[in-house]
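Peer 1: Structure provided below as C-alpha cells; questions to follow.
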Amino acid sequence: MGSPVHRVSLGDTWSKQVHPDIQSERHMQSFDVEQLTKILDGGAQNTALRRKVESIIHSDPVFSLKDNYFMTQNEHYEAALKKKFHIQMLAQRLGWSEDSRELGYAYRSLSGDLALGVHNIFLKSIRSLGSEEQIAKWAPLCNKFQIIGTYAQTELGHGTYLQGLETEATYDAATQEFVVHSPTTTAIKWWPGGLGWSATHALVQAQLICSGARQGMHAFIVPIRSLQDHSALPGITVGDIGPKMEFDHMDNGFLQLDHVRIPRENMLSRFAQVLPDGTYIKLGTAKANYLTMVVTRVDILLGEVIPMLEKACVIAIRYSVVRRQFRIRPSDPEAKILDYQTQQQKLLPQLATAYAFHFLASSLLEFFHRSYSSILDKDFSLLPELHALSAGAKAMVTDFCAQGAELCRRACGGHGYSKLSGLPSLVTRVAASCTYEGENTVLYLQTARFLVKIYLQAQESPGSTSQRSLPQSVAYLTAPDQTRCPAQRAADFLHPEHYTMAWAHVATRLIKDSAHHLQTLMKSGADWHEAWNQTTVIHLQAAKAHCYYVTVKTFTEALEKLESEPAIQQVLKRLCDLYALHGILTNTGDFLYDGFLSGAQIDVARTAYLDLLILIRKDAILLTDAFDFTDQCLNSALGCYDGNVYERLFHWAQKAPTNTQGNPAYEKYLRPLLQRWRSRL
Amino acid sequence: MNQDLRKERAAASFNPELLTHVLDGSPENTRRRREIENLILKDPDFQHEDLNFLTRSQRYEVAVRKSATTVEKMRKFGIADPDEIMWFKKLHLVNFVEPVGLNYSMFIPTLLNQGTTAQQEKWLLSSQRLEIIGTYAQTELGHGTHLRGLETTATYDPETQEFILNSPTVTSIKWWPGGLGKTSNYAIVLAQLITQGKCYGLHAFIVPIRELGTHKPLPGITVGDIGPKFGYDEMDNGYLKMDNYRIPRENMLMKYAQVKPDGTYVKPVSNKLTYGTMVFIRSFLVGEAARCLSKACTIAIRYSAVRHQSEIKPGEPEPQILDYQTQQYKLFPLLATAYAFQFVGAYMKETYHRINKDIGQGDLSELPELHALTAGLKAFTSWTVNAAIEACRMACGGHGYSHCSGLPNIYVNFTPTCTFEGENTVMMLQTARFLMKSYDQVHSGKLVCGMVSYLNDLPSQRIQPQQVAVWPTVVDINSPDSLTEAYRLRAARLVEIAAKNLQAEVIHRKSKEVAWNLTSIDLVRASEAHCHYVVVKLFSEKIPQIQEKSVQAVLRNLCLLYSLYGICQKAGDFLQWGIMTESQVTQVNERIKELLTAIRPDAVALVDAFDFQDVTLGSVLGRYDGNVYENMFEWAKKSPLNKTEVHESYHKHLKSLQSKL
C-alpha cells in the first residue's frame, strides 16, 4: 500500500522507505482508513479541502515548524508573528474569510503556532458587546490590523470570579471621560495574550462607577500603545509577564493603569450606557451573547484541545510499534512494546478517549447550533442546560486530555522526555487549557449546581414535572432505574445498553446523594452557601459521573448512525466499549457501593476489557493514521508516518544549537579544572 | 509578612520547629543543616541568577560554574560527610542539575565497585578532583532498561592488546548520558565484550572521549548534545558514536571479569554485588520524591492561604481559597502523602545502610527483598509524586503555569524519575516477580519473612469473595493500625488474584512468558497494593515514636488522612473483597471531610516544618513572607523580555502588517 503523499513530505531520505515494523501494521486493513478520516472530518469534501490547505501551508517554508524546539521565547514569538503576518496575506490573496474552514484548517496544520490569537477575541467581543456605531468604527480597524487588540479581564489577584475584579472606570461628567485605574497591585491586569508586546488597544473589564454608584463589570476600549512608535501611552505600564511552561509564541502581558482617561464613547454600550450627564441605563439582556460563549468553549475543544490528545496518541502508538524492548518468549526477538499488556493499558484507553471526545464535542456543537434559532426567538429556556453541558464538557475534556497526553509522553520512556518527540510541548500546551476559559473545578461545580437544581425540581413535583420538560441530557434522572446490572457474561458487558445504564445509575445515585447531603446540612441549620461548600467534594464526583455518562451515551448514539459502514462501526464500537469499561474499572467503588455490580461482575467486566485490548491492538496504527495528521504538523521525531524514529532523532539532535555553536563554559570553567591534571602528567 | 500567613502561623496547634527536628532525624541534624545552608547564603560567590530568565546555554554555563566552585568550597568548609555533602549541594545548586553529576553518582562508584586497585589508582583521585570528568554511558538510542539488548561492541585484539569499540547501528548510539554532550572527557561505556570470537555479554570500559587541552572529540568518536528536553535544561545529555575506536586492554574494568593479554576470558565469581549501587540509588530516589512533593505542597498551600477568590457566602469578603473544601481535598491528601513518603524515605535509607553492613559481612540474605522493595517503592512514589506535583500546580490556577511559581521546574525535573534508573512499569513487574516467588514459596509450605510475611496467612484463610465474615477483623477507621491491617488484606488479596490468574494463563497458554505478559496488569496492581501497604504501615508505625504530643496529634491526623484517602480512591478493592462495607465507605468519606477541617488550621505550619529556604523553593508564589503579588510584578519586570519598551519585532513585522493589509 502506498502512503498518501500528503502525510510524508519532510523531504528527508528516510521517508522514502517505511520502517518494516510500522509497515506490517498496515498490511491487514480491517476497515477503510480513508473512510474513517472522512467521517472524522465530517465529509469527503472537508477532507479534500483540509488536505488542499495543508499542502499550501506545508509548501511554504515560512510556515515550517522544524526549528520550534530550538528557539528562545523571543525567537518563538517573533516566528509566530511572522507566520501570523504571512497567513493574513495568504488569506487575503486566496480569499479565506475570518471564520472560514480554510483558515481553521490552516491553524490546525500550524498547531496554532501563531501570534495575536487574542486579536480575534477582541474583535468578537466588540461585535457582541458594542453598539452598531462602535462596531462600525472599530471592526474595520481591526480587520486591517490598523489597531491590534487584546482582551484584558483577569488580574494579578483575581481570576474566574468576575465580581472580584478591582480595576475601576469612574465617569467624569465634566469632561465626559472615564478614568480607568488599577487601585492596587492585585488589580494589575495579568495574563492577557498579545498584551505583552503586541497590542495597541485593550478591551478592559472594569467596575463602572458613575454618579457615585458602582454598576458592576463593563467593557472599555483603552488605547495602550502609541500608533506611531508603539511606545506605552502616558499612565500605562505594560509588559510581558515572563517565562511560562509553554505558549512562548504568545506574549502574555501585564497592564497597570494610572488614572488613564478615555472618551465616554469607548465604553461598549450594546447592553448598558452612560449618558453624558452620568446617568446609567441598562439596555436589555446579554443572554443571547451567552450562546456565543458556550459555542466558543466547545469550538476550542474540537479545534485545539482534542487534537492535542489525538497527536499524543499518534506519536506514542507509532513509536510503540517501532520500539522493541525485552523478549516475551526467550526464543523470540525483542518484542514491540505495544505488544505488552501494560503498554496497551496505558495507550489504548487514551485512543478510545480521543475518539469518544471527538464525537462528544461534535454532537454538542450540533445541538448548540440547533438551539440557536430558539434563542434568536428570545426563548432562553435551553440556556441553563447548554451552559451546564459546555462547562462540564470543557472540564472533563481538558482534564482527561491533559492527563492522557502526559501518559502518552511517559509511555515513550526516556525519549518522551526529549522535546524532539513533540510530546513535552503537547503536554504543556494542553495543560494550560485546564485553567484558561474557566478553572475546571469551578466549571464542574457549575454543572453540579444545574444537576442538583434539576434533581430537586423533579423531586418537588413528581408527575407534574414530567420527563418531557426535563432537559434531554438529564432525562435519565427520572428514567426507570434498575438496582442490579443484568450483565453476566463478558459478552454482556459489550452491550451499550448495559454500560450506558451502569453509568446512568451511578450518576443518578451520586446526584441524589449530593442533593441529600446538601439538604441534610440545611435542615441542621446551615445556610445554603455554607452547606454547598461543605458538600462540594461529592458534587464534584456527581458532575464527573454525569459527564462520563453523557460521553458514553453520545458515543453510542454516534455509532448507531454508522450502520452503512459496518467495518468502521465495529472498530469504533470497540473503542466505545473500552471507554465505558475503562471508566467503570477505574471507579469500581462507585459501582460496587450499592451492589449495582457485584464483585464477580467486576471480574467479568475486567475480562471483557482485557480482551478488547487485544482486539484494538491490531487496529491501533490504522486508528491513529485515520486522524490524518501530517508529519509537519506532528513535528515529532518519534511519531512520523514512516516510523524511522532513530535516524530522525539522531539527525534532529545534531542540528541543535548546542551542537552547532561553541561551548563558552569549557573555556571559562572546565579548562582550568582539567588542566590541573595535565600539568601533573 | 503577609497578614494571612501571619494569622495562620499564630493559630497553629504545634511548634513547626519540633516537627523539623523529626524530619531531619534530630535537633542536631537540623542545626548542622542550617549551619551549612547559612555558609552558602552568606557567601557572595554563591549568588545565582534566576534560571528562568536564562537560555539553555546560559543555564548550562551557570551550572558548570557552580560545579567548579562546589569542589573548592566543600574543601574549604570541610564538608565530607555524605549527608552534609547532600545538604550543601541541595542549597548550592538550588534547582539546578549538575552536568558533572554523573561523575560522582556513576563514574566514581563504578570505578570503586568494578575497578582493580591499579585502575582506581590511575583514575580515582583525578576524577574526585574533577581533573578528569567522567560520565556513564549505558542506554542506547534503541535500548533502555533491557540491558542485554545493548548493541555496542568491544572486540578484543590480542595483536595490539586493545579493545576495538564500535557502534554498529543507529540504534546502538549511546544516548542520554548526563554530561556527555559537552562536559565530560571520559566515559564508562557498557558494551558487549567479544574475545576469541565469542560474545561474553556486557562489560564496562573506561573510554577517553575528548582530547585533553582542546576538549575536541578524539578521532573515531562522534559526540554531542541530544537537544532540548522537557526539563534538565542545564544538563548536556549526550550521544556517543564510536567507530573502530581503540582503547588499551587495561581500560576494561577488571575487578571481577578479566580478559588476559592473549584474549582468554576469565569469568567473574559473583555478580550480585553490582545490585548494591542500583538499590542505593533507588532508595535514595524515594527520599527525593518526598522532597519534591514537599516543595510543591509548600508552594501550593502557602499560596492558597494568600489567594482570595469568589465567595462562599454572598456579601462577605472573598475567602482564602484554602477555605474551599475542594481546595483542601486537592491539597491535604498530597500533604499527607509528602509526610508519608518522607518517613518511607528515611526508612529506606536506614535499611540500606543496615543491609549494606550485612553485605559487607557476606550476608546477602536480605538483598532480594530489599531489591524488590526499592524497585516497587521507587515506582510507587515517583508515579504518585509525579501526579501530585502537577495537581499542586493546577491548584494554583493560572499562576501555577508561570515559571514564577517554581512548579513547572519542579515538575519537569522530577518527572524523569518515572523512567530513569528503571522504567516504573518494569520496576513494578520486578517487585511482582518477587511477590509471586514468595507466594509460591508459601504454597510449597515454606514461610516467608519481612514485608511480605502477610502472605503466610493466605493458605489458611481460603478467602472467598463477598464473605465478610471470614475476615478476622472489623476495620476501625480511626486506628492507623487497623487501617494498616485493611491495606494488608487488600495486598494479600491482589497478590493472590495475580498469582491465580497467572497460573490459569500458564495452563491455558502453555508458555510461562506469554502468561506473564497476559497477567501483567494484575501483577502491577498487586505490586502497587503491596507498596501502598508498606507506606501505610511505615507511616503508622512512625506515629507512636513521636515524643512531642502536639506533633504526634497532627501527624496522626495526616496518617489517618493518607490511609483513608487511599481507601476512598480504591474503594472498589476494599468493597469487592469485603474488607469494608458500604456503610464503612460512607463513614470513610465523612471522616475525610472532618480531617480536612481538622488539618486546615495547621496546614501552613505543616509546610513550614519542611523548612525550605525561599531560594530552594525558587517560587514567588511559595515565599515564606507571602508577599506574592508585589513580587510577581517585580519578577516579571526583571524578565529580559521587558528590557526594551518596544519589542524589535514591532519594526520587523507589526508595522508591515499594518501597512500592507
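The values are calculated or read from the model by the stated rules, or taken from the named source; none is laboratory data. Keep in mind that what you see is a predicted model, and the values were worked out from it rather than measured. Please note: Cβ atoms are built from the backbone with ideal geometry, for glycine as well, and neighbour counts cover all protein chains shown.
Peer 1: Determine the pairs where a residue that is away from every other protein chain (no Cβ under 11 Å), located within region B:162-182, has a partner that is of a type in the set (S, T, N, Q) and in a loop (DSSP other than H, G, I, E, B) with Cβ atoms under 6 Å apart, the partner being 6 or more residues away or on another chain.
Peer 2: B:ILE164/B:ASN244; B:GLY178/B:ASN237
Peer 1: Same structure, new question: Please pick out the residue among A:ALA335, A:ALA354 that is at pLDDT 95 or above and either of a type outside the set (Phe, Trp, Tyr) or touching a Phe, Trp or Tyr at 6+ places or on another chain (Cβ under 7 Å) (or both).
Peer 2: Testing whether each residue is at pLDDT 95 or above and either of a type outside the set (Phe, Trp, Tyr) or touching a Phe, Trp or Tyr at 6+ places or on another chain (Cβ under 7 Å) (or both) leaves just A:ALA354.
Peer 1: From the set of residues in region A:579-613 that are within 27 Å of the chain's Cα centre (by Cα), within 14 Å of chain B (Cβ to nearest Cβ) and within 18 Å of A:ALA545 (Cβ to Cβ), which is surrounded by the fewest Cβ atoms within 10 Å (Cβ to Cβ)?
Peer 2: A:THR586
Peer 1: Which one of A:LEU81, A:LEU36 is under 20 Å from A:GLY117 (Cα atoms), assigned to a helix (DSSP H, G or I), within 25 Å of the chain's Cα centre (by Cα) and in contact (Cβ under 8 Å) with a residue 40 or more places away in the chain?
Peer 2: Exactly one of A:LEU81, A:LEU36 is under 20 Å from A:GLY117 (Cα atoms), assigned to a helix (DSSP H, G or I), within 25 Å of the chain's Cα centre (by Cα) and in contact (Cβ under 8 Å) with a residue 40 or more places away in the chain, namely A:LEU81.
Peer 1: Criterion first (of a type outside the set (Lys, Arg) and touching a Leu at 6+ places or on another chain (Cβ under 8 Å)) does B:GLN114 satisfy it?
Peer 2: Judged against the criteria, B:GLN114 is a match.
Peer 1: Quick check on my filter: what residues within region B:359-412 are under 14 Å from the mean Cα position of the chain (by Cα) and among the basic types (Lys, Arg)?
Peer 2: If the condition is that a residue be under 14 Å from the mean Cα position of the chain (by Cα) and among the basic types (Lys, Arg), then B:LYS378 is the only one that fits.
Peer 1: Would you check if there is a residue in region A:436-457 being modelled with pLDDT under 85, more than 16 Å from A:TYR161 (Cα to Cα) and β-branched (Val, Ile, Thr)?
Peer 2: So far as region A:436-457 goes, no, none of its residues is modelled with pLDDT under 85, more than 16 Å from A:TYR161 (Cα to Cα) and β-branched (Val, Ile, Thr).
Peer 1: Got at least one residue in region B:496-512 being surrounded by fewer than 23 Cβ atoms within 10 Å (Cβ to Cβ) and among the small types (Gly, Ala, Ser)?
Peer 2: Checked region B:496-512: at least one residue is surrounded by fewer than 23 Cβ atoms within 10 Å (Cβ to Cβ) and among the small types (Gly, Ala, Ser).
Peer 1: On to the next question. Find all pairs meeting these conditions: Cβ atoms under 8 angstrom apart; at least six residues apart or on different chains; first residue within region A:146-164 and surrounded by fewer than 22 Cβ atoms within 10 Å (Cβ to Cβ); second residue of a type in the set (Val, Ile, Thr) and assigned to a loop (DSSP other than H, G, I, E, B).
Peer 2: Note: pairs meeting the criteria are A:ILE147/A:THR200.
Peer 1: Looking at A:GLY404, is it farther than 23 Å from A:HIS158 by Cβ, touching a residue at least 24 places away in the same chain (Cβ under 8 Å) and not β-branched (Val, Ile, Thr)?
Peer 2: yes
Peer 1: Restricting attention to helices (runs of 4 or more DSSP H) lying wholly within region A:507-590, give those where 1 or more residues are farther than 30 Å from A:ASP492 by Cα.
Peer 2: A:528-534, A:536-560
Peer 1: Something else about it: Does A:GLY239 satisfy the criteria of being assigned to a strand (DSSP E or B), surrounded by fewer than 19 Cβ atoms within 10 Å (Cβ to Cβ) and among the small types (Gly, Ala, Ser)?
Peer 2: no
Conditions tested, residue by residue: (1) in contact with a Gly (Cβ under 7 Å, 6 or more places away or on another chain); (2) without any contact (Cβ under 8 Å) to a residue 40 or more places away in the chain; (3) in a helix (DSSP H, G or I).
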residue	(1), (2), (3)
B:ARG354	no, yes, yes
B:SER365	no, yes, no
B:ARG393	yes, no, yes
B:THR417	no, no, yes
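Peer 1: Let me ask something additional. Of the residues in region B:1-28, how many are in contact with a Phe, Trp or Tyr (Cβ under 9 Å, 6 or more places away or on another chain) and farther than 14 Å from B:VAL551 by Cβ?
Peer 2: Count: 2.
Peer 1: Looking at A:ARG297, is it more than 13 Å from chain B (Cβ to nearest Cβ), buried (at least 16 other Cβ atoms within 10 Å of the Cβ) and not in a helix (DSSP H, G or I)?
Peer 2: No; evaluated as a whole, the condition is false for this residue.
Peer 1: If I filter region A:465-482 for residues that are within 14 Å of chain B (Cβ to nearest Cβ) and hydrophobic (A, V, I, L, M, F, W, C), do I get at least one hit?
Peer 2: no
Peer 1: A further question on this structure: Of the residues B:SER649, B:SER659, which single one is modelled with pLDDT under 95, in a helix (DSSP H, G or I) and more than 7 Å from chain A (Cβ to nearest Cβ)?
Peer 2: Every option except B:SER659 fails the conditions.
Peer 1: Here is a follow-up. Do you know which residues across region B:353-390 are hydroxyl-bearing (Ser, Thr, Tyr) and surrounded by 18 or more Cβ atoms within 10 Å (Cβ to Cβ)?
Peer 2: B:THR374, B:THR381, B:SER382, B:THR384
Peer 1: Looking at (1) within 14 Å of chain A (Cβ to nearest Cβ); (2) farther than 19 Å from B:LEU494 by Cα, find the lone condition where B:ILE546 falls short.
Peer 2: Failing condition for B:ILE546: (1).
Peer 1: While we're here: Looking only at strands (runs of 3 or more DSSP E) that lie completely in region A:134-188, which have at least 1 residues being touching a Ser or Thr at 6+ places or on another chain (Cβ under 7 Å) and within 8 Å of chain B (Cβ to nearest Cβ)?
Peer 2: It comes to none.
Peer 1: So, one more: Considering only residues that are in a loop (DSSP other than H, G, I, E, B) and of a type in the set (Phe, Trp, Tyr), look in region B:573-617 and name the one that is farthest from B:ALA290 (Cα to Cα).
Peer 2: The extreme case among them is B:TRP577.
Peer 1: On to the next question. Wholly within region A:625-679, which helices (runs of 4 or more DSSP H) include no fewer than the required count, namely at least 3 residues that are within 7 Å of chain B (Cβ to nearest Cβ) and within 41 Å of the chain's Cα centre (by Cα)?
Peer 2: A:645-654
Peer 1: Can you tell me which residues in region A:401-434 are crowded, with 24+ Cβ neighbours inside 10 Å and farther than 18 Å from B:LYS229 by Cβ?
Peer 2: Residues satisfying the conditions are A:CYS401, A:ALA402, A:GLY404, A:VAL430, A:CYS434.
Peer 1: Does B:ALA391 meet the test of being within 12 Å of chain A (Cβ to nearest Cβ), under 30 Å from A:PHE400 (Cβ atoms) and not basic (Lys, Arg)?
Peer 2: yes
Peer 1: Kindly check whether there is at least one residue in region B:33-55 that is surrounded by fewer than 19 Cβ atoms within 10 Å (Cβ to Cβ), part of a helix (DSSP H, G or I) and within 19 Å of the chain's Cα centre (by Cα).
Peer 2: no
Peer 1: Go through region B:141-168 residue by residue and tally those that are modelled with pLDDT under 95 and not in a loop (DSSP other than H, G, I, E, B).
Peer 2: Adding up the residues that qualify gives 4.
Yes/no matrix, rows are residues, columns are (1) more than 19 Å from B:LYS255 (Cβ to Cβ); (2) within 9 Å of another protein chain (Cβ to nearest Cβ):
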{"site": "B:GLU121", "(1), (2)": "no, no"}
{"site": "B:GLU131", "(1), (2)": "yes, yes"}
{"site": "B:GLU140", "(1), (2)": "yes, no"}
{"site": "B:THR152", "(1), (2)": "yes, no"}
{"site": "B:THR155", "(1), (2)": "yes, no"}
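Peer 1: Here's something else I'd like to know. Could we say that A:GLU563 is surrounded by fewer than 19 Cβ atoms within 10 Å (Cβ to Cβ), away from chain B (no Cβ under 14 Å), without any contact (Cβ under 8 Å) to a residue 40 or more places away in the chain and out of contact with any strand residue (DSSP E or B) (no Cβ under 7 Å at 6 or more places or on another chain) here?
Peer 2: Yes.
Peer 1: Sort out which residues of region B:194-229 are more than 14 Å from every other protein chain (Cβ to nearest Cβ) and under 32 Å from the mean Cα position of the chain (by Cα), and write them in order of number.
Peer 2: Matches in region B:194-229: B:GLY201, B:LEU202, B:HIS203, B:ALA204, B:PHE205, B:ILE206, B:VAL207.
Peer 1: So, in region B:193-245, exactly how many residues are part of a strand (DSSP E or B) and acidic (Asp, Glu)?
Peer 2: 1
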